[in-house]
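The values are calculated or read from the model by the stated rules, or taken from the named source; none is laboratory data. Since this is a predicted model, take the numbers as computed values, not measurements. Reconstructed Cβ throughout: ideal geometry from the backbone, glycine too, with neighbour counts over all protein chains shown.
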């Protein structure tokens, strides 16, 4: 069994639902220029938990969100160790990442980039990553490495069609209702989203989660019955 297949099997044993591999066009960490390959890991969120979201996030969703992040971080940590044991460098990128107050809406790299290049799904009009199997009900983590990796799936086309359900449902008005641009510009306003959460959902996770766009997406939980596409 190849090392890539070993890593995929190991990640799923640890709790990953989806695992993908890709080569990036550049190394996201300037001080580590050889780390141009990525392992993308996805964990599915509970449909029942997502259904507790109405016009605001629920405490159940907030707790589930944190648990999913912790699981992803654990998988990425242990998978990175496995890569290092085989003589390669590996940098696990946390599920929820930020570069601090100076750049709170950017991390080491977008998890969505690695997931899309790995053929696991596409970025929707909501700015969410939508997997082929589970739609938007996934959380992501990434491992950067110098281990040569080969994508196992082709990059797929955006599947939102004419649907703008997420834009209409967003209470912050942070979703533009447009497809993401190829130059990396976001198709939603993260600052507007964050500000609304802190102002209106302060009693739930200190305004750190929402989830309404996940709940209303016709592809959530893997449903593909988009009525407008």
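So the values come out like this:
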quantity: In the stretch 77-91, the residues that are assigned to a loop (DSSP other than H, G, I, E, B) and without any contact (Cβ under 8 Å) to a residue 40 or more places away in the chain; calculated: 87
quantity: Enumeration of residues in the stretch 1-47 that are farther than 16 Å from residue 151 by Cβ, modelled with pLDDT of 95 or more and within 19 Å of the chain's Cα centre (by Cα); calculated: 12, 14, 15, 16, 17, 43, 44, 45, 46, 47
quantity: Odd one out for residue 119, checked against (1) touching a strand residue (DSSP E or B) at 6+ places or on another chain (Cβ under 7 Å); (2) modelled with pLDDT under 95; (3) at positive phi; calculated: (2)
quantity: Residue check, residue 128 out of contact with any helix residue (DSSP H, G or I) (no Cβ under 8 Å at 6 or more places or on another chain) and either modelled with pLDDT of 95 or more or surrounded by 16 or more Cβ atoms within 10 Å (Cβ to Cβ) (or both); calculated: no
quantity: Single residue of the stretch 163-191 satisfying the filter (outside any loop (DSSP other than H, G, I, E, B), out of contact with any helix residue (DSSP H, G or I) (no Cβ under 6 Å at 6 or more places or on another chain) and modelled with pLDDT of 95 or more) that is surrounded by the fewest Cβ atoms within 10 Å (Cβ to Cβ); calculated: 168
quantity: Residue in the stretch 146-162 that is surrounded by fewer than 20 Cβ atoms within 10 Å (Cβ to Cβ) and in a helix (DSSP H, G or I) present; calculated: no
quantity: Selection count, the stretch 50-59, where residues are under 13 Å from residue 220 (Cβ atoms) and part of a helix (DSSP H, G or I); calculated: 1
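For every residue, the table says whether it meets (1) outside any helix (DSSP H, G or I); (2) closer than 19 Å to residue 136 by Cα; (3) touching a strand residue (DSSP E or B) at 6+ places or on another chain (Cβ under 9 Å).
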| position | (1), (2), (3) |
| --- | --- |
| 21 | yes, no, yes |
| 31 | yes, no, no |
| 41 | yes, yes, yes |
| 48 | no, yes, no |
| 61 | no, yes, no |
| 72 | no, yes, yes |
| 75 | no, no, yes |
